[in-house]
Amino acid sequence: MNKKNVWSEEVWNEVKEIVDKIKKHGFIQQMLEGTLNENIFKEYILQDIMYCDIFNSCMKKLSEKIDVDEYKNKLIEFSQSKSSISMREMYLTKYGLVPNKLKNKTCEKYTKLISDSVNNCSVQEGLSSMLACYWIYFDVGNYIHDNQIKNKDNKENKYQSWINNYGNPNYGKKVECYKNICDYYANLGPDKKENMKNIFITCAQYEYDFFNEVYENYSK
């Protein structure tokens, strides 16, 4: 298939403006500089842990709908990812944070959309609901990694572990694999493509909102 006709590439073009907004957001720009307020990042980590718990659980449930063994095994593997879990646990320990169950508005809406898509909709819609997180984090992680401003005292960026987790080739391989799975099932259910696209666009907006809500709440 010509790459221009691949579903994932088509929908990525639909969210480029949102992704650019994320890159220009104060949260990302200050992370890039290493100047992001720690209270903002702490709240982000607490919300992200709640999001990822549901994300990983939904990934496991989604694997049960997959009828291609290779892809099924990949989703199970992704649901048990150790690197991202270790990174978040490191920040919990570093800041002495205690996980909570109080989701903010964006986290609540985003996790509900993923859960509903995975549990109540087609495999195509479930897959689509989880793609934006993977792809946008890889794209933004690479953007920060490639453009980050080195501390004038040659100190490592205090958010370097986060940056390294997402802005690296190994994470990129996971993203490419997941995109391929989405494209495979999009072709099996062409009648679902429009709904897949709409879910993907909504999730991309939630990615922006996720950064923005914690930033706005703790920048006042």
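The values are calculated or read from the model by the stated rules, or taken from the named source; none is laboratory data. As the structure is a computational prediction, the values presented were derived from the model and not from experiment. Here the Cβ is made from the backbone with ideal geometry for all residues, glycine too, and neighbour counts use every protein chain on show. Surface accessibility is based on the protein's heavy atoms, side chains included, excluding ligands, DNA and RNA. Shrake-Rupley method; radii C 1.70, N 1.55, O 1.52, S 1.80 Å.
On the given criteria, is S117 in contact with an Asp or Glu (Cβ under 7 Å, 6 or more places away or on another chain) and open to solvent by less than 60 Å² (accessible area, probe 1.4 Å)?
yes
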Legend entry - Matching residues in region 53-97 - criterion: being outside any helix (DSSP H, G or I) and either over 15 Å from N119 (Cβ atoms) or open to solvent by 90 Å² or more (accessible area, probe 1.4 Å) (or both): E64, D67, V68, Q80, S81, G96, L97
Legend entry - Conditions (1) over 16 Å from I22 (Cβ atoms); (2) of a type outside the set (A, V, I, L, M, F, W, C); (3) touching a residue at least 12 places away in the same chain (Cβ under 8 Å): number failed by D191: (3)
Legend entry - Residue count for region 153-169, restricted to those that are outside any helix (DSSP H, G or I) and open to solvent by 90 Å² or more (accessible area, probe 1.4 Å): 4
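Suppose we keep only residues that are open to solvent by 20 Å² or more (accessible area, probe 1.4 Å) and touching a residue at least 40 places away in the same chain (Cβ under 8 Å) within region 2-24. Which one would you say is farthest from Y218 (Cα to Cα)?
In the first step, residues of region 2-24 are kept if they are open to solvent by 20 Å² or more (accessible area, probe 1.4 Å); the result is 2-6, 9-10, 12-14, 16-18, 20-21, 23-24.
Cutting the leftovers down to touching a residue at least 40 places away in the same chain (Cβ under 8 Å) gives us 6, 10, 12, 14, 18, 21, 23.
Details: V6: 40, E10: 36, W12: 30, E14: 30, I18: 22, K21: 19, K23: 19 Å.
Ranking the qualifying residues of region 2-24, first place goes to V6.
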Inset, instruction - Test G172 against the stated conditions and say whether it is surrounded by 20 or more Cβ atoms within 10 Å (Cβ to Cβ) and free of Cβ contacts under 8 Å to residues at least 60 places away in the same chain. - result: no
Inset, instruction - Find all pairs meeting these conditions: Cβ atoms under 7 angstrom apart; at least six residues apart or on different chains; first residue within region 122-145 and touching a residue at least 24 places away in the same chain (Cβ under 8 Å) and under 16 Å from C177 (Cα atoms); second residue among the acidic types (D, E) and open to solvent by less than 20 Å² (accessible area, probe 1.4 Å). - result: A132/E207; C133/E207; I136/E207
